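Written below as structure tokens is the structure these notes are about.
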Amino acid sequence: MKTDELREKYLEFFQSKGHRLCASDVLVPRWDKSVLFTPAGMNPFKDHFLGKVHLEFTRATSCQKCLRTGDIDNVGRTAYHHTFFEMLGNFSFGDYFKREAIAWAWEFLTEKKWLGMDANRLSVTVYLDDDEAAGIWQNEIGLPPARIQRLDEKENFWPASAPSSGPDGVCGPCSEIYFHPPDGSKEVEIWNLVFTQFNRDGAPPDNLKPLPSKNIDTGMGLERIAATMQGVTTNYHIDILRPIVEAAAEICQQKYEPASENGRRFRRMADHVRACTFAIHENVYPGPAKQEYVVRRLLRRAVLDGHQVGLRDPFLFQLVPTVAEMMRRPYPELGETVERVADVIRREENAFLEKIDGGLVRMERIFSQIQASGRNEVKGADAAELYQTHGVPPEMFEQIAREREVAFDWDGYRAAMDQHSIRSGTLAETVMGSFGPVDAIKSEVKSTLFLGYESESCRTTVRGIAAGESRLEVLTAADGKAILVLSESPFYAESGGQVGDQGVLGGPSGEFHVVDTQKDGDVWLHIGQCTRGEIRVGDEVQATVDADRRSAIRRAHSATHVLHFALQQQLGSHAQQRGSKVTDDLLRFDFSNPDRVAIQDLDQIEAESNRRVKSAVPVSAEVIPMAEARQRGAMMLFGEKYPDPVRMVSIGEFSRELCGGTHVNNSAEIGLVEVVSEEGVSSGTRRIEALTGPRAEEFRRNALTIHETASRILQVGGDLLGAVEHLLAANKELKKQIDAGKSADAAGDSRHAVSVYTAPDYAAVRESLRSISRVLNIPQSQIVERVQTLLNEHAQLLEQVTQLGSITIPTAEELLAAAVETAGARIIARELSGGNANLMRQLIDQVRQKNLPVAIYLAAANGPDKVLLVAGVSRELVARGVSAGDWVRETAPAVGGGGGGKPDLAQAGGKQPENIQLCLKKATDVMTAWLESGK
Ligand code: SER
């Protein structure tokens, strides 16, 4: 039975038993801080078990993507270990319990219509005192007692050993089903039925609190049951995994031999690349910590395998399409990100491969030192150095050490890494945040009550003043920049990308202007200056936020959410926020996307944002339990830390984000969203800058003016982009002709000579300006200036090219014929009006190719006050000590210039075209003197 079919049968079976089919949840659960990756099918339902959410259904079934790193070292070595795997599960939330769970598991496994397994090959285990489960197996299913075993909490509790050693959370006794293979090999656990009825809270005894209801959580590893059904001895040989293993072998130009060391490597590559494909698909890129570090570690381990079979170039990325193909049926979305994922993997491979050789050499040296010292342990400091300098993850080092039976000093490693972070300044930054006087105020005030969601002004009390290194009782203008702490504050303190508020604090005898608001823990810091009279600790002040600015910030922040939605609509769900900065009517938004966003996409994103703005839907915020936010589909960002309860901001029905910022009340208040620019920030991350409200409107007006002005300059009626491209091409062509010394035949004028400008509609103007910005690589605001420059350049080039047409270029023979002969050499000194440097150099070359002792000096007037001098000397004369460089250095002053160069060729500029003849005469005289003096 194919794995795809098996997966579908399972889900179909449980749907037929009244279960709601739930799609696999994400691999990286943003809301669950207790895990890095989803470790089991039940994880997405934790809150259901705990009774934290409103239950829309009480029976569910799913096939969940999971990733566990606990057994990472066994991957490839054993038949059944994976990092990434899929788990089939059925769940009951206070609905059915043991009887149905057991009966249905048995029916699914043994009935012909479903898996039709031989009942005689199955046995079960139950928890020590679980008479109820044992009774059901024996009396209702009819299993003989010999095939029902009772085991302790290590085996038959989930999580294993939960009662005595945790973790805290939902747990319960379980019953496992085993399959006994016909070849007599060891039995395999295929299904775990967990009777989830407790919430573990703290250490024993009395730490198992009954849950509000009795639940069921079953988990069956898809790969394992597939291996059983397909009669293969390892999960890696099932239909959806073996092709990846074989593709790995093929890339390594080897045959896959299961029992060999390389066989193990190929299985490990297959597992790790599959895990990383799924993680990177969800925007978890290789990095230094947490989930990102796991991805890095897996990739590097697989790259090391490749390196050990002789590969020196990135290879793993080539397996991504195979992974996507194998997993296509349940996860078609993987197909959409193959290129991005492969690209991320290839970069990480490259980065590691660059360092790996050095790393391995260093590692060997460390091993020889260990041998020599007789102390059979890798020192922590060595491991830290190997990681930092050569990128070898310590876990990888430890594994290799273990293979050589060498211990690994983890404590030493951690200590060395801690020390490193002090040296590299991480700690210094932490210390910076706790400056003296503010700390003292903080310890008294503890927290500021934030009132800014409801109001923009309030009466409150000054609780502390800090200026420089001092804590003050009274502040005047003379004290300069200061920090004020209040009991309550309507000022928003910078966080979540939104800038701090500005405004005024008006006291009984003075005024303080707030230019920025920050927070330190729970205390708000109002940063600014006393602008009138004095402010005292204890003063009652009216704290008033600059309301116009605040409104502009609110527009920009709500627009950020709208834009986020539009980006995902247009580009796909991978286009997730990676960072943002929100100020007054200006926002910067970083998001994941492998490539530059096409102009058509940008136009669509902008148009969709504006449609959403105009739909005039309410914007609201509510503080709700994290579980509820998740159930209602709130967007959560990778790497963000969320409190519980959370604040969820909704815009109509289309956007739900967890956010602490200040927002408009209705989307229409945003007015307008204009995307100003799109650029790359780092590999895989793009940045959009956009304007809102009046600034966006101003930008629009400017755009229209820019388009019109530039069109008038170029005398085009509508197609400005075409005209700019034409002008660029024409200038390029002219330069080519001038360099080649050709006259103006084909270049022509770039102007279209259309005098009536008809403004296209705004969308066309935007598209045209966006394209022009990209073509010229400048922001829109510089377009007019650049167009003017290009046009001026065009005129100059045209003039030059026309001049070229009027000059007669002498041939080498003509030049030589007119040369002055002195001391066995010829001297040529000529004006070449209209000549350019390239042309002059070419002529000099032609003369020198005649293989005669010759010195050539050419001068050209280049505009009203510019002279160009180029001189060359043949090989024979260079050998006699004559230098073209010296020649121009000595003579250029005659045209008010200077310059130099090499002995065989030199160039100089001057400012007095009227003295060209004088200069040429001097050149002849100088050279004659040199030659006659024996050079
Ligand atoms: N949570 C249990 C497991 O992971 C059953 O789904 O094994």
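Since every read-out is calculated from the coordinates, none of them should be taken as a lab result. Predicted, not measured: the structure shown is a model, and the values here were computed from it. Cβ sites come from the backbone with ideal geometry, for glycine too, and all protein chains shown count toward neighbours.
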- line: Fewest to most Cβ atoms within 10 Å: His526, His663 sort as His663, His526
- request: Using only Cα atoms, find the angle between the long axis of helix 837-848 and the longest principal axis of the chain, and express it within 0 to 90 degrees, rounded to the nearest 10.
  value: 70 degrees
task: Run the numbers on the stretch 94-181 and let me know its relative contact order in percent, using alpha-carbon pairs under 8 Å that are six or more apart.
output: 30 percent
field: Relative packing of peptides 668-675, 328-335, 880-887 - highest average C-beta neighbours within 10 Å first
entry: 668-675, 880-887, 328-335
- line: Sorted by chain and then number, the residues having a modelled amide H within less than 5 Å of the amide H of Trp191, at least 5 places away or on another chain, are Ile177
field: Reachable aspartates and glutamates, given that their alpha-carbon falls under 12 Å from the alpha-carbon of Lys935 and they are not under 8 places away in the same chain
entry: Glu876
task: Going by C-beta contacts inside 10 Å, put Arg362, Arg875 in order with the fewest on the left.
output: Arg875, Arg362
message: Please report the net charge: other residues with Cβ closer than 9 Å to the Cβ of Val504, K and R +1, D and E -1.
response: -2
message: If packing is taken as the average number of other Cβ atoms within 10 Å across a peptide's residues, how do 560-568, 605-613, 189-197, 19-27 rank, most packed first?
response: 560-568, 189-197, 605-613, 19-27
task: Holding the Cα-Cα limit at 28 Å, pick out from Lys850/Lys921; Lys735/Lys902; Lys732/Lys921; Lys33/Lys614 the pairs that are longer than that.
output: Lys732/Lys921; Lys33/Lys614
- request: Kindly put Glu8, Glu348 in sequence by how many other C-beta atoms sit within 10 Å of each C-beta, fewest to most.
  value: Glu8, Glu348
Convex hull projection area averaged over all views, the stretch 268-400, Cα basis, nm²: 8.1 nm²
field: Rg over Rh, two decimals, the chain (C-alpha only, Kirkwood Rh)
entry: 1.10
task: Take the Cα atoms of the stretch 99-181, build their convex hull, and give its volume per residue in Å³.
output: 104 Å³
- prompt: What percent does the relative contact order of the chain come to when contacts are Cα pairs within less than 8 Å and at least six residues apart?
  reply: 6 percent
message: Let me check I've understood the local charge: for Ala383, count other residues with C-beta under 12 angstrom from its C-beta, Lys and Arg +1, Asp and Glu -1. What total comes out?
response: -4
- request: Could you tell me which of the pairs Lys481/Lys581; Lys52/Lys290; Lys442/Lys481; Lys481/Lys519 are separated by over 20 angstrom between their Cα atoms in the structure shown?
  value: Lys481/Lys581; Lys52/Lys290
- line: In deg cm²/dmol, rounded to the nearest 500, the helical mean residue ellipticity at 222 nm of the chain, built from -39500 (n - 2.57) for every DSSP H run of length 4 or more, is -12500 deg cm²/dmol
0 to 90° range, to nearest 10: angle between helix 338-373 axis and the chain longest Cα axis: 80 degrees
message: What does the net charge come to around Glu454 if you take all other residues with beta carbon closer than 15 Å to its beta carbon, with K and R at +1 and D and E at -1?
response: 0
query: Which lysines have a Cα less than 22 Å from the Cα of Lys736, not counting those fewer than 8 places away in the same chain?
result: Lys866
- request: Could you state the angle between the C-alpha long axis of helix 98-110 and the longest principal axis of the C-alpha atoms of the chain, as a value from 0 to 90 degrees rounded to the nearest 10?
  value: 70 degrees
statement: For the pair Lys732 and Thr822, the simple spin-label estimate (label points 7 Å beyond Cα toward Cβ) gives in nm 4.7 nm
- prompt: Among the lysines, which fall within straight-line cross-link reach of Lys112, defined as a Cα-Cα distance under 26 Å, with same-chain neighbours fewer than 8 residues apart omitted?
  reply: Lys2, Lys9, Lys17, Lys98, Lys186
